[in-house]
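The values are calculated or read from the model by the stated rules, or taken from the named source; none is laboratory data. The structure presented is a predicted model; accordingly, all values stated were derived computationally and were not measured. Here Cβ is always computed from backbone atoms with ideal geometry, including for glycine, and neighbour counts include all displayed protein chains. Just the protein is used for accessible areas: all its heavy atoms, side chains included, with ligands, DNA and RNA removed. Shrake-Rupley method; radii C 1.70, N 1.55, O 1.52, S 1.80 Å.
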Amino acid sequence: MKLFVFLLLLPVSLFAQKVTNSFTAAEIRRYEQQAQRVTIVRDNWGIPHVYGKTDADAVFGLLYAQCEDDFKRVEMNYIEKLGRMAELKGEPELYNDLQIRLLIDTTEAIADYNKAEVWLKKLMNAYADGINYYLFKHPEVKPAMLTLFKPWYALLWTDGSIGAISTADATISELKNFYSGDKVSYVDEPKDPENQTGSNGFALAPSKTASGNAILYINPHVTFYFRPEVQVVSEEGLNVYGAVTWGQFFVYQGFNPYCGWMHTSSAVDVSDLYAEKISKKGNKFFYEYDGQQKPVTEKKIVVRYLKDGQLQTREFTTYFTHHGPVIAKRDDKWLSLRSYNRSMVSLIQSWKRTKAKGFEDYKKVMDLKANTSNNTVFADNKGNIAYWHGNYVPVRDKSINWSNPVDGSVSTTEWRGLHSVNESVHSYNPANGWLQNCNSTPFTVAGENSPKKSDYPAYMAPDGENFRGVNAARVLGNGSSFTIDKVIAAGYDTYLSAFEVLVPALVKSFEISAQKHDTLYYQLIDPIMLLKKWDYRTGENSVETTMAIEWAQKLGGQIQKIYIDEGEDDQVTRTKKFAMTATPEQLIKPFAQAVKDLTNKYGTWQKPWGEINRFQRLTGDLQGKYDDSQPSIPMGYASALWGMLPSYNSRVYPNTKKRYGISGNSFICAVEFGPKIKAKSLLAGGESGDPKSPHFKDQAEMYTKGQFKEVLFYKEDVLRNAEKSYHPGE
């Protein structure tokens, strides 16, 4: 079972520590010497191309450049992974911090750093030094908390994914219910179902491309401004381009001269809950295991939090079995979590993939089996394409449904090592010539040539189909002679495949049940007829899109659930069942309410989608601010929930009538692996987080229209389009 705890970048509160950066003379001398071995070239889009003599030099420059672009996001990611958000945000973050502290142990990270191989320790040292040198050279920058970055911080977040933490299906509310001591029962706030995170990845083999070269399409769907675009080059064989998560030293999704990789969030079961049989003797807890009583380990964790402008402390007595921390209680049984949320091997794998020299090399990196949260879509310059569904997959008893808590009192439920990569769900060079994954089942990844579900245990791929996956298979299967531009066009297909199922059900229900003498008939006949003629494509001028989305949002959560557990119907199946069985009350009533709401809000239900669905970037704050009175750009795209490939998740705010985008397409790139790399890319807004920078929103108009820029991969092209070139600190 698996529940991702998605990282939300939250605004720094008014509480800010007044500190001065203190670095020794030896540290400053080391920083300055390393800076001279690094050159940062900013191109005409502000993208940093970092050139270092060694890999460590390149990492130093990369982190310095990241801090130049958005230090607050770099810092906030590590405040979160240190479990110290409550020191800024107060009590609402208390149990989020406790969860992090239970799952990510800083003492283990420090121990890993101390035993790391020399090459890796050099990278971690350079990571910290690059950030610290930035702080030394920019005393005007006031960190919210972290005034000195430690090398071992890099071992707190070793994956790069926005959903890198897995807690099975245990929630923060369950953690709070268990550890708070409060007599009330807490429930998690409902999430906005339209705010889907995920990704699309496509790979096209030479048989499907015009040039005879493989093409990779990289399309993560995450919170806007979650990753910048970079190139990192060294004289030790590093030359990688792509998206890096703020504060990390490896390119997470991208390519090098030989190959490229795209990660999509995976539902592969990488963590499990164990129901423990607990007893108490005196003041000590014990748990049963294979007929014996074993002591529950107790650990004191102190979490600090801000209250009334002052830091307070809360001490928790936390509990562990050999399976892991106790994080919930159900049916009077404690639930402990076995997981792999942080590891040095994962960090090594994240780095080594960036230097892979093709398919065989990449498979060797996959053999490290430490990527817990990602599927991988791959292509290389030899024409290979490949797909791996997950990577870290524990071997389990196939007769057990692992989507539920399992019996922790017997050894038969223990993991039995890890599956080999060849045992996991994968596809290499399928005959159809294309691969796709959109956070959907791997059993449609290559059309008719996909892996067979019956060949694998259920815990390997509980993922179901979704409407993006349906759409991706259609556009790739129907296409041929793909070029970079044709791949981008496929990735920007505007078909909302969910409404191909939902709208006919609405129309049919209306035509059967509505009576011409009813007032409701006259209120709805025009919008119903408009939807009946709709081609299910979205666009700035589409009134149908506005009506359909406003209506579908009211239909209930079951058709909006993307990630499922073993044995559950997937989104496509649930939606089709709903469409077949829904009553007029379930279909027409919410549609009538949607028409009424639009009329009340805008004076008419005939509102083009682009008039209310907008892109706006006003500030560099971690939490965006939106204002109807300020300039914004119409956006024709919609949420991936409805089958939209170029995802754009928007919402109305308390002070707005219009909807503003908050997540979806972020860094998008199409790359062709010929004798020379050819690529085009696009960022949401721009590279910089500084509103005063010309690169704060210089890609905004392009972003709303899907207009890509040329990637400058070769140094001669970078220099021809250079805006400035400098050593860190200059």
Legend entry - Those residues of the stretch 375-424 which are of a type in the set (A, V, I, L, M), without any contact (Cβ under 8 Å) to a residue 60 or more places away in the chain and not in a loop (DSSP other than H, G, I, E, B), in sequence order: Leu418, Val421
Legend entry - Per-region count, the stretch 264-287, residues outside any loop (DSSP other than H, G, I, E, B), surrounded by fewer than 23 Cβ atoms within 10 Å (Cβ to Cβ) and in contact with a strand residue (DSSP E or B) (Cβ under 7 Å, 6 or more places away or on another chain): 6
Inset, instruction - Take the stretch 379-410 and flag every residue that is of a type in the set (S, T, N, Q) and touching a helix residue (DSSP H, G or I) at 6+ places or on another chain (Cβ under 9 Å). - result: Asn384, Asn391, Asn401, Ser403
Inset, instruction - Select from the stretch 469-488 the residues that are open to solvent by 10 Å² or more (accessible area, probe 1.4 Å) and assigned to a helix (DSSP H, G or I) and list them in ascending order. - result: Val470, Ala473, Arg474, Val475, Gly477, Asn478, Ile484, Asp485, Lys486, Ile488
Inset, instruction - Taking Gln586 as the residue in question, decide whether it is open to solvent by 50 Å² or more (accessible area, probe 1.4 Å) and closer than 21 Å to Glu500 by Cβ. - result: yes
Inset, instruction - Working carefully through the options Asn374, Asn422, Asn432, Asn437, find the one that is out of contact with any His (no Cβ under 6 Å at 6 or more places or on another chain), surrounded by 20 or more Cβ atoms within 10 Å (Cβ to Cβ) and either at pLDDT 95 or above or under 21 Å from Ile218 (Cβ atoms) (or both). - result: Asn437
Legend entry - Odd one out for Thr619 among (1) under 23 Å from the mean Cα position of the chain (by Cα); (2) modelled with pLDDT under 95; (3) assigned to a loop (DSSP other than H, G, I, E, B); (4) surrounded by fewer than 18 Cβ atoms within 10 Å (Cβ to Cβ): (2)
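Condition check ((1) modelled with pLDDT under 95; (2) touching a helix residue (DSSP H, G or I) at 6+ places or on another chain (Cβ under 6 Å); (3) within 25 Å of Gly46 (Cα to Cα); (4) open to solvent by less than 10 Å² (accessible area, probe 1.4 Å)) across all residues:
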| position | (1), (2), (3), (4) |
| --- | --- |
| Val184 | yes, no, no, no |
| Gln231 | no, no, yes, yes |
| Val240 | no, yes, yes, yes |
| Asn256 | no, no, yes, yes |
| Met262 | no, no, yes, yes |
Legend entry - Test: residue in the stretch 381-399 that is within 24 Å of Thr444 (Cα to Cα) and open to solvent by 50 Å² or more (accessible area, probe 1.4 Å): yes
Inset, instruction - Go through (1) acidic (Asp, Glu); (2) modelled with pLDDT of 95 or more; (3) buried (at least 24 other Cβ atoms within 10 Å of the Cβ) and name the single condition Asp159 misses. - result: (2)
Legend entry - Subset tally (residues that are in contact with a strand residue (DSSP E or B) (Cβ under 6 Å, 6 or more places away or on another chain) and in contact (Cβ under 8 Å) with a residue 12 or more places away in the chain) for the stretch 301-316: 9
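Let's see how each residue does on (1) free of Cβ contacts under 8 Å to residues at least 12 places away in the same chain; (2) surrounded by 14 or more Cβ atoms within 10 Å (Cβ to Cβ); (3) more than 24 Å from the chain's Cα centre (by Cα):
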position	(1), (2), (3)
Ala490	no, yes, no
Phe499	no, yes, yes
Val503	no, yes, yes
Met529	yes, no, yes
Arg537	no, yes, yes
Inset, instruction - Kindly indicate whether Gly464 is modelled with pLDDT under 95 and either under 20 Å from Arg537 (Cα atoms) or assigned to a loop (DSSP other than H, G, I, E, B) (or both). - result: yes
Inset, instruction - Would you please name the residue that is nearest to Gly729 (Cα to Cα), looking only at residues in the stretch 43-86 that are polar (S, T, N, Q) and surrounded by fewer than 24 Cβ atoms within 10 Å (Cβ to Cβ)? - result: Thr54
Legend entry - Residues satisfying the stated conditions in the stretch 338-369, i.e. within 22 Å of Asp380 (Cα to Cα) and either open to solvent by 40 Å² or more (accessible area, probe 1.4 Å) or in contact with a Ser or Thr (Cβ under 8 Å, 6 or more places away or on another chain) (or both): Ser350, Lys352, Lys355, Lys357, Glu360, Asp361, Lys363, Lys364, Met366, Asp367, Leu368, Lys369
Inset, instruction - Hey, could you check the stretch 622-656 for residues that are within 23 Å of the chain's Cα centre (by Cα) and aliphatic (A, V, I, L, M) and say which is most open to solvent (accessible area, probe 1.4 Å)? - result: Val652
Legend entry - Check on Lys692, charged (D, E, K, R) and assigned to a strand (DSSP E or B): no
Inset, instruction - Go through the stretch 166-179 and give me each residue that's aliphatic (A, V, I, L, M) and open to solvent by less than 10 Å² (accessible area, probe 1.4 Å). - result: Ala168, Ala170, Leu175
Inset, instruction - Hey, could you check the stretch 657-679 for residues that are assigned to a loop (DSSP other than H, G, I, E, B) and of a type in the set (D, E, K, R) and say which is surrounded by the most Cβ atoms within 10 Å (Cβ to Cβ)? - result: Lys658
Legend entry - Any pair with Cβ under 8 angstrom, 6 or more apart, that starts in the stretch 210-229 at a residue that is part of a loop (DSSP other than H, G, I, E, B) and among the β-branched types (Val, Ile, Thr) and ends at one that is open to solvent by less than 10 Å² (accessible area, probe 1.4 Å) and at pLDDT 95 or above: none
Inset, instruction - Please verify whether the stretch 121-139 includes one or more residues that are closer than 30 Å to Met644 by Cβ, open to solvent by 10 Å² or more (accessible area, probe 1.4 Å) and not aliphatic (A, V, I, L, M). - result: no
Inset, instruction - For Gln558, indicate whether it is modelled with pLDDT of 95 or more, touching a Phe, Trp or Tyr at 6+ places or on another chain (Cβ under 9 Å) and not hydrophobic (A, V, I, L, M, F, W, C). - result: no
Legend entry - Where Val445 falls short, out of the listed (1) under 25 Å from the mean Cα position of the chain (by Cα); (2) over 13 Å from Asn375 (Cβ atoms): (2)
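Matching residues to (1) under 24 Å from Glu511 (Cβ atoms); (2) part of a helix (DSSP H, G or I); (3) in contact (Cβ under 8 Å) with a residue 24 or more places away in the chain:
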site: Glu544; (1), (2), (3): yes, yes, no
site: Glu550; (1), (2), (3): yes, yes, yes
site: Val572; (1), (2), (3): no, yes, yes
site: Gln586; (1), (2), (3): yes, yes, yes
site: Pro590; (1), (2), (3): yes, yes, yes
Inset, instruction - Provide a single number: the residues in the stretch 210-227 that are out of contact with any strand residue (DSSP E or B) (no Cβ under 7 Å at 6 or more places or on another chain) and open to solvent by less than 10 Å² (accessible area, probe 1.4 Å). - result: 1
Legend entry - Conditions (1) under 30 Å from Arg37 (Cβ atoms); (2) in contact with a helix residue (DSSP H, G or I) (Cβ under 8 Å, 6 or more places away or on another chain); number of the one not met by Lys53: (2)
